[in-house]
1. How large are Rg and Dmax for the range 39-184 when calculated on the C-alpha trace, in angstrom?
2. Tell me, in nm to one decimal, what length is gained between residue 199 and residue 322 on full extension, where the rule is 0.36 nm per residue of separation less the Cα-Cα distance?
3. Just to confirm a number: summing +1 for Lys and Arg and -1 for Asp and Glu over residues other than residue 90 whose beta-carbon lies under 12 angstrom from that of residue 90, what do you get?
4. Could you state, as a whole-number percent, how many of the C-alpha pairs of the range 197-298 are farther apart than 16 Å?
5. When every alpha-carbon pair in the chain is counted, what percent end up more than 25 Å apart?
6. Counting DSSP beta bridges with both partners in the chain, what percentage is antiparallel, nearest 5?
7. Among 42, 173, rank each residue by its count of other Cβ atoms within 10 Å, from fewest to most, as a rough exposure measure.
8. In nm, give the distance between the simple-model label positions of residue 209 and residue 302, each being 7 Å from the Cα along the Cα-to-Cβ direction.
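Just so it is clear, none of the values below were taken in a lab; they were calculated from the coordinates. Since the structure is predicted, the reported quantities are computational estimates derived from the model, not experimental observations. Cβ placement follows ideal geometry from the backbone for every residue including glycine, while neighbour counts extend to all protein chains displayed.
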Amino acid sequence: MFNAPSIDTSSANTAAGAAEASTAAYRWMVLGRVFEDKIASLYRAGKIVGGVYLGRGQEAFSTALASQLREGDIYSPLIRDLSGRLAFGESVLDSMRTYLGSVEGPMRGRDGNIHYGRPKAGMPAMISHLGAMVPVVSGMLMARRMTGRLGESVGAVSIGDGGTSTGAFHEGLNMAAVERLPLIVSVANNQFAYSTPTSRQYACTDLVDRARGYGIGGYSVDGLNLDEALETFHIALERARNGHGPQMVVGTLLRLNGHGEHDDASYVPQELRNSRIGRDCLALTRQSLINSGRLSEAQCDAVDEDAATAVANALSIAQRERTPDPYTESWEALRTRHLVEGSHTMTP
């Protein structure tokens with residue numbers, strides 16, 4: 001069992017709180033990377049059905065948000081937010097089950113390996129059109145407000161730079177701004193929407209300008225710097241919880257793999273790969289933790305070993321579990337039979 005210590009977000013802005021937050025987040029980053037490396041090898045071996053879309057290089061930015069969410073919050077991760085999913089409470093075993101199509105997984109083997117969720121735990125299943133989750137989470141927050149269940153909870157949505165060009169993003173963000181909803185929009189600006197560079201996506205200097213255009217809080221951070229991202233998300237989360245409306249955080253980074261494992265990313269210039277944003281956030285975080293004395297090299301090595309063991313154990317279990325049988329099973333992944341036309345004629 002792989003466990004990172006829980007983070008006391010109330011003290012995240014103190015020296016001790018910041019150290020605790022960064023070391024815990026690093027563990028989730030490593031676990032996500034080790035898991036995805038294993039998934040990539042399984043994909044190449046023909047063991048996974050469907051595409052595989054990894055988030056190498058986005059772990060620091062992803063984990064910085066998810067690790068500071070609380071029980072009762074809503075989290076809608078990007079397909080490349082595995083580290084964030086794990087930090088929010090998803091188990092390594094459930095993630096592995098989803099990729100291998102096990103009936104024991106959260107979608108019971110009835111969906112692909114990316115459009116899955118755990119709605120009861122505050123993680124809605126993702127819609128393919130990534131910008132579309134902004135109005136979905138805004139709607140969930142509105143529903144909580146109207147039924148008196150909002151409290152101090154927030155809703156967080158992760159998207160990429162390409163997602164900010166969709167109509168749903170703008171409509172959802174505009175509604176959230178007008179209603180002053182406690183919404184966090186995390187934008188991983190990885191420089192390409194598939195193969196389309198940012199220079200062909202938008203004309204503003206920085207995507208954070210879009211936040212200012214809607215009259216909401218906007219922050220631009222180095223998406224490779226875990227400490228900076230943790231501090232910025234802490235501020236954004238506190239402002240959202242305290243009634244200051246939506247907050248948008250844009251992290252500048254470069255994904256270290258193609259759009260999917262089928263894509264060699266030949267469209268990314270070598271100059272960009274060799275630039276500052278082409279570095280590996282995992283290696284940078286490890287070195288920062290060692291240099292600051294928060295973790296030793298031996299402790300970092302132990303984190304690697306723990307992650308490898310957790311992934312190997314999850315794979316061993318998931319590989320032994322059965323896949324769904326369409327001839328004997330009902331095919332609702334998330335049980336919504338009462339919404340199906342004519343369902344009154346169906347037996348539960």
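1. Over the range 39-184's Cα set, Rg and Dmax evaluate to 15.5, 50 Å.
2. Working: separation 123, 0.36 × 123 = 44.28 nm, distance 4.67 nm.
Using 0.36 nm per residue and subtracting the Cα-Cα distance, I get 39.6 nm.
3. On the way: positive: 85, 97, 118; negative: 81, 94.
Residues close to residue 90 contribute a combined charge of +1.
4. Values: 3553 of 5151 pairs.
Of all Cα-Cα pairs in the range 197-298, 69 percent lie more than 16 Å apart.
5. Numbers: 31567 of 60378 pairs.
Across the chain, Cα pairs with separations above 25 Å total 52 percent.
6. Numbers: 3 of 24 bridges.
Here the antiparallel bridges make up roughly 10 percent for the chain.
7. Working: 42 17, 173 26.
Starting with the residue having the fewest Cβ neighbours, the order is 42, 173.
8. Calculated label separation equals 4.9 nm.
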